[in-house]
Amino acid sequence: MNRIDRTFAELKEQGRAAFSVYLCAGDPDLETTRDLVVSFDKAGVDFVELGMPFSDPIADGPVIQAAGQRSLDRGTKLADVLDIAAQIREQSDIPIVLMTYYNIIHRFGLDNLAREATRVGIDGLIIADLIPEEADDLLAVARPADLATVFFVAPTSTDDRIKLAEETSTGFIYCVSVTGITGARDALPPDLRDHLRRVRALTTKPLVVGFGVSRPEHVQALSDVADGIIVGSAVVRQIEQASNLPREQLVEQVAAFAGELAAATR
Amino acid sequence: MARPQQSTPDERGHFGPYGGMFVPETLMPALLELGREFQAARQDPAFRDELDGYLAEYAGRPTPLYFAARLSEVVESRVYLKREDLLHTGAHKINNTLGQALLARRMGKKRIIAETGAGQHGVATATAAAVFGMECVVYMGSEDMERQALNVFRMRQLGAEVREVTHGSRTLKDAITEAMRDYVTNVRTTNYVLGSILGPHPYPLIVREFQSVIGREAREQIVARERRQPDLLLACVGGGSNSIGLFHPFLGDESVDMLGVEAGGLGDGLGRHAARFLGGTLGVLHGDRTLVLQDASGQIARTHSISAGLDYAAVGPELVHLRDQGRVRFTTVSDDEALDAFSRLSKLEGIIPALESAHAVAQLLKMAGELPEIVIINLSGRGDKDVQAVAKHLGEELH
Ligand SMILES: Cc1ncc(COP(=O)(O)O)c(C=O)c1O
């Protein structure tokens, strides 16, 4: 069983939602990314999205875009991110989902990606600009490698499209909380619970909510309606603000922040 | 009579291996709805009549097919200019924005957004928004805002909000990225009016349809003048809308050769040009799979052209498909050659072309003496917007 499936199965027994963090690999540098993920595991984070930045991130807000640009300015490549994943695996069994845009993996070669991702211990893929209808090539290589393929449902998704995400997703389904791009928001959208109930009625796989979630109250409020919650921009911003601290201090500080968010699921 | 048209994409916009829909899920319902509305509108006589009415009385169609006698003499061929530069707002872009704005109105959307490089598409979108009473936001890279300052003023005067994009290469690519973000966020109230045959399906199809009026007119006009079809069609290629607009109605005419002209910029080397057919590799940018100028890790490359409207890292997927089929050929023209053509056409014919269109004229000049008998060039826009930039290039100060 894939680490993602195992995590959701265990949490289901415990009756608790999963807590996950997105971070942009290579911001401020790859070694910090590695140490952060290992510390997140210890701080109670259940799985991570490891972001490989793209020059034209159409689904991301300013915080993640700026982090991606900083990382790209340092020369981060997909091969480096795979290396870091391998280093994380030496120290931690936390499920890792690689999150990026299609051009990055298209250029790397899908076969190559499936082989390398499995080798370094990556458990799944989230591609921000890939819809199920365009995913045949990816599914053909991901399925035999037991790499989870996570697709999105949005507040705008019709019932048909929600069913399509259910059919093609493995690991979990990513429920975008807002009609919009990534970015921390002060409040959750008022109709989010209804949106999640509608998706729940049409699906059986774990539902994980992301985009805009930024505070322990948000995480807590979603814990009883979702199977998992992802915080991205709020953590990426913490990393940015701590970026002039020595690595150990940065890691400690950001892991503490992630730990507070994770505690809200318990 | 138009022959049956070739080059039809499948239902999700694939032209062979190119095109498709590579977008965040949030946009999918809206894009599917846009596709359905577009199909309904194109078959609705009332929609077509209304659009034709605006094209005729507001934009100034049909545009003349002008026999350029002095230019013809120089290049030893019979050269016709399809005068899209004479349209309201000064370029072919208005053909598409009037169509898409009417489509938005039909869908009950009151806000339209656009990206712009040269500013022509932004001006044309702002114009359509004004005449139909819609709210309009245009995204433009800060580098383009500087080199096309006149168009920034025009857009604001027309009531549009121009939002400066300061990240990335600060040109058209980044403006599209920003417009897509706005669309993802405001998709319930907003239509994105894309300016070329780019992006996710159905845009390449919609823009082709609204621009094909160029070729339909040219096809009739040339037969009226010459009693036969032309031998060669020439057009500059940014995203590809003016070229497909001219080419598409001729695709079934086997004897008609078609040549697209890309921006060769400063010459060889990633970052020095916008020649996707020379330096591009298969990739996915802004919603479609096509030839993209990118580095070995899949990051989109910077591009360069003296002409803001050609300065983009990807090219319309349909054109790549037509290239593969051997139906359309592509070549490049450098900044200097385009600047030279800008001056030559001005002096030979009294027509100051847009720097984009000057690339097509430059290619004609390069082929002087080796041209077939009858050539049509799409003169996609006029050069008013470029005079400041060209003057600066020539070392002259304008006050
Ligand atoms: C006058 C003119 N011609 C050509 C272009 C290039 O676009 P396309 O290739 O879509 O016609 C532009 C773009 O701004 C333009 O303003």
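Since every read-out is calculated from the coordinates, none of them should be taken as a lab result. Just so it is clear, the model here is predicted, and its values are computed rather than measured. Virtual Cβ from ideal backbone geometry, glycine too; neighbours counted across all protein chains shown.
Put in line by how crowded their Cβ is, counting other Cβ atoms within 10 Å and starting with the fewest, B:Cys136, A:Cys24 read B:Cys136, A:Cys24.
Across peptide A:72-82, the average count of Cβ atoms from other chains found within 10 Å of a residue's Cβ is 1.
In a shell of Cβ-Cβ distance under 12 Å around A:Pro53, excluding A:Pro53 itself, what net charge do Lys and Arg (+1) and Asp and Glu (-1) give? Taking every other residue near A:Pro53 into account, the sum is -2.
Hey, which lysines would be in cross-link range of B:Lys109, C-alpha to C-alpha under 29 Å, not counting anything within fewer than 8 residues on its own chain? Of all the lysines, those that pass the test against B:Lys109 - Cα under 29 Å, at least 8 places apart if same chain - are A:Lys163, B:Lys93, B:Lys173.
With r defined as the distance between the Cβ atoms of B:Asp49 and B:His167 and R0 fixed at 35 Å, what FRET efficiency is calculated, to the nearest 0.05?
Numbers: r = 43 Å, r/R0 = 1.23.
It comes to 0.20.
Note that region A:125-135 has calculated 3J(HN,Hα) couplings of 10, 10, 10, 4, 10, 10, 9, x, 5, 9, 9 Hz, one per residue in order, obtained from phi through the Karplus relation 6.51 cos²θ - 1.76 cosθ + 1.60 (θ = phi - 60°); glycine and proline are x.
For region A:3-263, averaging the sequence separation of C-alpha pairs within contact (under 8 Å, six or more residues apart) and dividing by the residue count gives a relative contact order of 23 percent.
Over all residues in A:148-155, what is the mean tally of Cβ atoms on other chains that come within 10 Å of each residue's Cβ?
Working: counts 0, 0, 0, 1, 4, 2, 8, 4.
Average neighbour count from other chains, rounded to a whole number: 2.
Taking a sphere under 15 Å around the Cβ of A:Ala184 and counting the other residues whose Cβ falls inside, with K and R at +1 and D and E at -1, yields a net charge of -2.
Expressed per residue, the C-alpha convex hull volume of the protein assembly as shown stands at 150 Å³.
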